[in-house]
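A.B. asks: Quick one: this structure, given as structure tokens, is what I'll be asking you about.
The values are calculated or read from the model by the stated rules, or taken from the named source; none is laboratory data. Predicted model only: the values in this text are computed from it and were never measured. For neighbour counting, all protein chains shown are included, and Cβ atoms are generated from backbone atoms with ideal geometry for every residue, glycine included.
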Amino acid sequence: MNYPIAIEPGDGSHAYGVVVPDLPGCFSAGDTLDEAITNAHEAVELWLETVMDDGGAIPAPSSIAELQARAEFAGWIWAVVQVDLARLSDRAERINITLPARVLRRIDAAARAAGESRSGYIARCAVIGAQH
């Protein structure tokens, strides 16, 4: 999906501000235009992932022309953030990995102690680790 972003121009003492009109409360900033766009991409992915985790609906993106017509965005710069929703999907995917036997034994013991499957334990640890 391609989400339009509205970028409020920055200057020597102000960062570029970014708003994602289709995603309420999704905003970002950057000291340069390129940094603002990169940070907006991260903000959009986090916003969408949070909505998906909460079981919410993903809003469809508007057209830039439609959004440009809004008075509050007069003089703003427009860009598009492309997001692959398949990357954010929770659909289970079978994979084949290779681990040292001693590491696998530790994972299995920790998974048993937590009352989880090996896959569930690894996934939970990855999510927890990504949050820190």
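A.B. asks: Restricting the first residue to the stretch 60-73 and requiring it to be assigned by TED's automatic domain parsing to the domain that holds VAL19, which pairs with a second residue that is acidic (Asp, Glu) and part of a loop (DSSP other than H, G, I, E, B) meet a Cβ separation below 9 Å and a spacing of at least six or different chains?
C.D. replies: ALA60/ASP22; PRO61/ASP22; SER62/ASP22; LEU67/ASP22
A.B. asks: Also: Those residues that are within 22 Å of SER63 (Cα to Cα) and of a type outside the set (S, T, N, Q), I need them from the stretch 17-32; list them, please.
C.D. replies: Narrowing the stretch 17-32 to residues within 22 Å of SER63 (Cα to Cα): 17-29.
GLY17, VAL18, VAL19, VAL20, PRO21, ASP22, LEU23, PRO24, GLY25, CYS26, PHE27, ALA29, listed by residue number.
Rundown of residues vs (1) of a type in the set (S, T, N, Q); (2) at pLDDT 85 or above; (3) touching a Cys at 6+ places or on another chain (Cβ under 6 Å); (4) not assigned by TED's automatic domain parsing to the domain that holds GLY55, yes/no style:
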site	(1), (2), (3), (4)
GLU93	no, no, no, yes
ASN96	yes, yes, no, yes
ARG105	no, yes, no, yes
ASP108	no, yes, no, yes
ALA111	no, yes, no, yes
ALA114	no, yes, no, yes
SER117	yes, yes, no, yes
ILE122	no, yes, no, yes
CYS125	no, yes, no, yes
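A.B. asks: Something else about it: Where residues in the stretch 9-29 are at pLDDT below 95 and assigned to a strand (DSSP E or B), which of them is farthest from the chain's Cα centre (by Cα)?
C.D. replies: ASP11
A.B. asks: Regarding the stretch 45-60, can at least one residue be identified that is surrounded by 13 or more Cβ atoms within 10 Å (Cβ to Cβ), under 16 Å from PHE73 (Cβ atoms) and either touching a strand residue (DSSP E or B) at 6+ places or on another chain (Cβ under 8 Å) or among the β-branched types (Val, Ile, Thr) (or both)?
C.D. replies: no
A.B. asks: Is there a residue being of a type in the set (Val, Ile, Thr), surrounded by fewer than 12 Cβ atoms within 10 Å (Cβ to Cβ) and over 30 Å from GLY10 (Cα atoms) anywhere in the stretch 112-122? Working first, answer last.
C.D. replies: Kept after step one, since they are of a type in the set (Val, Ile, Thr), are these residues of the stretch 112-122: 122.
Then keep just the ones that are surrounded by fewer than 12 Cβ atoms within 10 Å (Cβ to Cβ); that gives none.
No: the stretch 112-122 contains no residue that is of a type in the set (Val, Ile, Thr), surrounded by fewer than 12 Cβ atoms within 10 Å (Cβ to Cβ) and over 30 Å from GLY10 (Cα atoms).
A.B. asks: Can you pull out the residues in the stretch 58-87 that are of a type outside the set (Ser, Thr, Tyr), more than 18 Å from SER28 (Cβ to Cβ) and more than 15 Å from the chain's Cα centre (by Cα)? Walk me through it before giving the result.
C.D. replies: Taking the stretch 58-87 and keeping what is of a type outside the set (Ser, Thr, Tyr), we get 58-61, 64-87.
Right, trim to more than 18 Å from SER28 (Cβ to Cβ) and you get 58, 60, 65-66, 68-71, 74-75, 84-87.
Correct list: ALA60, ALA65, GLU66, GLN68, ALA69, ARG70, ALA71, ALA74, GLY75.
A.B. asks: Just the residues that are at pLDDT 90 or above, part of a helix (DSSP H, G or I) and not acidic (Asp, Glu), please, taken from the stretch 62-91.
C.D. replies: Of everything in the stretch 62-91, those that are at pLDDT 90 or above, part of a helix (DSSP H, G or I) and not acidic (Asp, Glu) turn out to be ILE64, ALA65, LEU67, GLN68, ALA71, PHE73.
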